[in-house]
1. Between the range 27-43 and the range 1-23, what is the separation of their alpha carbon centroids in Å?
2. Of ILE93, GLN78, PHE62, which is farthest towards the positive pole of the chain's charge dipole, taken about the Cα centre with +1 and -1 on the beta-carbons of Lys, Arg and Asp, Glu respectively?
3. Please report the carbon-and-sulfur percent of the accessible area for the chain; probe 1.4 Å, protein heavy atoms only, DNA, RNA and ligands left out.
4. Over the range 1-92, what relative contact order in percent results from Cα pairs under 8 Å that are six or more residues apart?
5. List the lysines whose Cα lies under 23 Å from the Cα of LYS35, skipping any in the same chain that are fewer than 8 positions away.
6. Checking the cross-link filter: which aspartates and glutamates have an alpha carbon closer than 19 Å to that of LYS11, excluding same-chain neighbours under 8 positions apart?
7. Which whole-Hz ³J(HN,Hα) couplings does the range 59-73 yield from phi under the Karplus relation 6.51 cos²θ - 1.76 cosθ + 1.60, θ = phi - 60°, glycine and proline marked x?
8. How much area per residue is accessible in the chain when the probe is 1.4 Å and only protein heavy atoms are counted (Å²)?
Amino acid sequence: MAIIYPNEEGKTFDMDYYTNKHMPMAASLLGDAMKAMAIDKGLGGGAPDTPAPNIAVGYFYFETMADFQNAMGPNREQIKADVPNYTNIQPIIQISEVVVAE
């Protein structure tokens, strides 16, 4: 699961809160079904001296879609309720399968 926060003019994002409070809280709610989590902090765009298209991207990794659904289902509203504590950005959610090229 990727939670993408677009870098939009006039929007705010508290990276300290996100990193040290929100993501650990979400991880504790998701429990052992979650295998890993990571955070991308946007530093820049593809061209020199351009802003990052996203302020941040959070990732939660699960073994199966069922594991994700079972862990997220009962905790979704509590996790979502914490979002205003660190941002006024409407996140984009993407569910993906990690594919490793050989």
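The values are calculated or read from the model by the stated rules, or taken from the named source; none is laboratory data. Computed from a predicted model, the values in this text were never measured in an experiment. FYI the Cβ positions are ideal-geometry reconstructions off the backbone, even for glycines, and counts take in every protein chain you see. Keep in mind that these areas ignore ligands, DNA and RNA; they rest on the heavy atoms of the full protein, side chains included. Shrake-Rupley method; radii C 1.70, N 1.55, O 1.52, S 1.80 Å.
1. 13
2. GLN78
3. 51
4. Working: 124 pairs, mean separation 42.8, N = 92.
Averaging sequence separation for qualifying contacts and normalising by length gives 47 percent for the range 1-92.
5. LYS21, LYS80
6. Straight-distance partners of LYS11: ASP40, ASP82.
7. Result, rounded to whole Hz: 10, 10, 10, 10, 5, 9, 4, 4, 4, 4, 4, 5, 7, 6, x.
8. Details: 6670 Å² over 102 residues.
For the chain, the per-residue accessible area is 65 Å².
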